[in-house]
């Protein structure tokens, strides 16, 4: 039960998507608050009205949630996971792959807060330094794609992604985001790719605003922004806006994960210069051997 991976969300062009926090449902009230594992002291679960945050082995995950008597149903990336539990004598027993016992704590640790990674202020770099970084990004993109396209190297993916994430976090902490003005569109797009594959919440949160800035200025196309924005949404059980995230329905068929507004999705895509979703799905269908792509209903 300690291997969840998830994310957070930010704003899109136009109004913010942040909503007023709802009241805790009756079925969730006994769980509300932060719990710490008695077996693993760095393992925490924070139950909130509309989401659950889990911190395990230093990694933060976020889920949409539906509370039912005796269990919480966690939602992430179009998938649902039942979290059965038992409350007895002030202890919370979570029945996952193994039983974990938690105690209630008054204050959630700071690591459960959803904060963007700290980016340095952009500063001028020498031409030699920029060229070296551009070459480095080109090599890292080759590796990123190789472990995803060569079946023989699939087992290296986690290692490559981890190295790329650590490299990028260190670099942006020193030099700021990999923007188009200083690094060029190719390096900026590669930086987005590494972020998209990182699964690192703080880094993904930090990257979205500067990517949005370059898209608004016409220096990047809208695809990186839409992909990262939607991924941040679905990773916490929310609905995506631009239709970029495709998963599987309950029958295993490819499906567009739930949309914020299906009737307006083409409008949203047009506003940031994206080609129509119908074209995007036709390309995906061709790449997946002709399988029809469905639209996932909220209840799937």
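Here, each number is a calculation from the coordinates, and none is a lab measurement. Just so it is clear, the model here is predicted, and its values are computed rather than measured. Reconstructed Cβ throughout: ideal geometry from the backbone, glycine too, with neighbour counts over all protein chains shown.
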Distance in nm between pseudo-label sites at residue 86 and residue 114 (7 Å out along the Cβ direction from Cα): 3.3
For the chain: relative contact order, % (alpha-carbon pairs under 8 angstrom, 6 or more apart): 17
Rounded if a/c is under 1.5, else prolate if a/b beats b/c, else oblate: with a ≥ b ≥ c from the C-alpha gyration tensor eigenvalues square-rooted, which is segment 26-112? rounded
Note on segment 127-295: contact order normalised by length, alpha-carbon pairs under 8 Å, 6 or more apart, percent, works out to 14
Rounded to the nearest 10 degrees, the helix 185-196 long axis (Cα) sits at an angle to the longest Cα principal axis of the chain of 10
Could you list 197, 40 in order of exposure, starting from the residue whose Cβ has the fewest other Cβ atoms within 10 Å? 40, 197
Restricting things to alpha carbons, find the Rg to Rh ratio for segment 127-295 using the Kirkwood radius for Rh. 0.97
Give me 178, 54 ranked fewest to most by other Cβ atoms within 10 Å of their Cβ, as a rough exposure proxy. 54, 178
Return a whole-number percent for the relative contact order of segment 26-112, with Cα pairs under 8 Å and 6 or more residues apart as the contact set. 26
Can you tell me the 0 to 90 degree angle between the C-alpha axis of helix 277-287 and the longest principal axis of the chain, rounded to 10? 90
Using a Förster distance of 30 angstrom, determine the FRET efficiency expected from the C-beta separation of residue 26 and residue 249, and round it to 0.05. 0.50
With r as the distance between the Cβ atoms of residue 285 and residue 239 and R0 = 22 Å, compute the FRET efficiency 1/(1 + (r/R0)^6) and round to 0.05. 0.50
Label assignment, P(r) over Cα pairs in 10 Å bins from 0, in percent derived from the structure, set [x] 6, 27, 33, 22, 10, 2, 0; [y] 6, 28, 37, 25, 5, 0; [z] 6, 24, 32, 25, 11, 2, 0: [z]
Using alpha carbons only, how many angstrom separate the centre of segment 244-297 from the centre of segment 74-96? 31
Peptides 86-93, 222-229: what's the order by average Cβ count within 10 Å, highest mean first? 222-229, 86-93
Angle, helix 157-175 long axis vs. longest principal axis of the chain, Cα atoms, 0 to 90°, nearest 10? 70
May I ask you to sort 292, 156 by Cβ crowding, counting other Cβ atoms within 10 Å and putting the fewest first? 292, 156
